[in-house]
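**Student:** One structure coming up, written as structure tokens, with questions to follow.
The values are calculated or read from the model by the stated rules, or taken from the named source; none is laboratory data. As the structure is a computational prediction, the values presented were derived from the model and not from experiment. Cβ placement follows ideal geometry from the backbone for every residue including glycine, while neighbour counts extend to all protein chains displayed. The accessibility values were calculated without ligands, DNA or RNA, using every heavy atom of the protein model including side chains. Shrake-Rupley method; radii C 1.70, N 1.55, O 1.52, S 1.80 Å.
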Amino acid sequence: MTRPFDTTRLADWWQAREPRERRMVAVMLAALAAFVLWYGVIAPLRQARDDARARHADAVAAAREIERALARIEASTARLPPSPTGDAFATTIIDSAGAAGVAISRQDDGGDGVLVIAIDAVDAPALFGWIDALRREHGIAPLALQVDKRDGRLRAELRFVPPPP
């Protein structure tokens, strides 16, 4: 019975070659090994390194942009006036909606002082202009905003949470 890979046959074959043929086969095998090493190991590792460098550079740029955005947000919130408390909180929201031309169709107490405002039909510029003015002028912003489109206008529900006393 013969083994699948018989080393004695290989050794006999090698010994049967001339020294010049042995050198040529050895050089060919070394070149083949170098080719496999280069294209099978080194080139993929270099590509992975270059890809990792590019991803790192993108992540650093994104982190810097986020830091700048956070600084702008902190600066804009530092300039906001303090939010009214108590009954003045709800009154300010309702009065500012009327001044902005936003008709409130329903207002409810959502529990724990949460004010829920429902608007059945409003144009987008009026709604978002009112929300922005409310934030800039009174330091009030909705905790949650749900907007649906209906008949070419917007239907919105806003939840406001008063600031702690």
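**Student:** Short version: ³J(HN,Hα) in whole Hz for each residue of region 23-28, in order, from phi by Karplus 6.51 cos²θ - 1.76 cosθ + 1.60 (θ = phi - 60°), x for Gly and Pro, what are they?
**Tutor:** 4, 5, 5, 5, 5, 5
**Student:** Another one. Leaving ligands and nucleic acids out of the surface, order VAL36, VAL114, VAL122, VAL161 by accessible area at 1.4 Å, largest first.
**Tutor:** Largest accessible area first, the list is VAL36, VAL161, VAL114, VAL122.
**Student:** Find, among the chymotrypsin sites (Phe, Trp or Tyr not before Pro) in region 1-109, those assigned to loop by DSSP (not H, G, I, E, B) with at most 15 other beta-carbon atoms within 10 angstrom.
**Tutor:** Filter output for region 1-109: PHE5.
**Student:** Based on alpha-carbon centroids, what's the gap between region 1-69 and region 88-165 in Å, whole number please?
**Tutor:** Cα centroid of region 1-69 versus Cα centroid of region 88-165: 65 Å apart.
**Student:** Now, a different point. In nm, to one decimal, how far is the ARG17 label point from the ALA124 one, both placed 7 Å along Cα→Cβ?
**Tutor:** Result: 7.6 nm between the two label points.
**Student:** Then there is this: What span do the alpha-carbon atoms of the chain cover on each of the three principal axes, reported in whole Å from largest to smallest?
**Tutor:** 104, 39, 33
**Student:** Here's something else I'd like to know. If amide H atoms are built 1.01 Å from N in the plane of the peptide, which residues on other chains or at least 5 residues away come under 5 Å of the amide H of GLY110?
**Tutor:** Here the answer is LEU115, VAL116, since their amide H atoms fall under 5 Å of that of GLY110.
**Student:** Toward the positive end of the charge dipole of the chain, about the Cα centre and with charges on Cβ (Lys, Arg +1; Asp, Glu -1), which of PRO125, ALA34, VAL60 goes farthest?
**Tutor:** Projecting each Cα onto the dipole axis, the largest value belongs to ALA34.
**Student:** Nothing charged except the Cβ atoms of Lys and Arg (+1) and of Asp and Glu (-1): what's the magnitude of the dipole of the chain about its Cα centre? Round to the nearest 20 debye.
**Tutor:** Charge dipole of the chain: 1340 debye, to the nearest 20.
**Student:** Given the options ALA99, HIS138, TRP14, identify the residue whose Cα lies farthest towards the positive end of the charge dipole of the chain (+1 on Cβ of Lys, Arg; -1 on Cβ of Asp, Glu).
**Tutor:** Towards the positive end, the residue furthest out is TRP14.
**Student:** Also, I was wondering about something else. Using the Karplus curve 6.51 cos²θ - 1.76 cosθ + 1.60 with θ = phi - 60°, work out ³J(HN,Hα) for each residue of region 29-38 in order, rounded to whole Hz, and write x for Gly and Pro.
**Tutor:** Values per residue, Gly and Pro as x: 5, 5, 5, 5, 5, 5, 4, 5, 4, 5 Hz.
**Student:** Then there is this: Quote the charge dipole size of region 15-77 about the Cα centre in Debye, to the nearest 20; the model charges only the Cβ of Lys and Arg (+1) and of Asp and Glu (-1).
**Tutor:** That gives a dipole near 360 debye.
**Student:** Could you rank THR92, THR8 by how accessible they are, 1.4 Å probe, largest area first?
**Tutor:** THR8, THR92
**Student:** Another one. Using a 1.4 Å probe on the protein heavy atoms, what percent of the accessible area of region 54-165 belongs to carbon and sulfur?
**Tutor:** 55 percent
**Student:** What residues have an amide H closer than 5 Å to that of ARG153, excluding those fewer than 5 places away on the same chain, when H is modeled at 1.01 Å from N in the peptide plane?
**Tutor:** none
**Student:** Would you check the accessible area of THR85, probe 1.4 Å, heavy atoms only, in square angstrom rounded to 10?
**Tutor:** Taking all protein chains as shown, THR85 has close to 70 Å².
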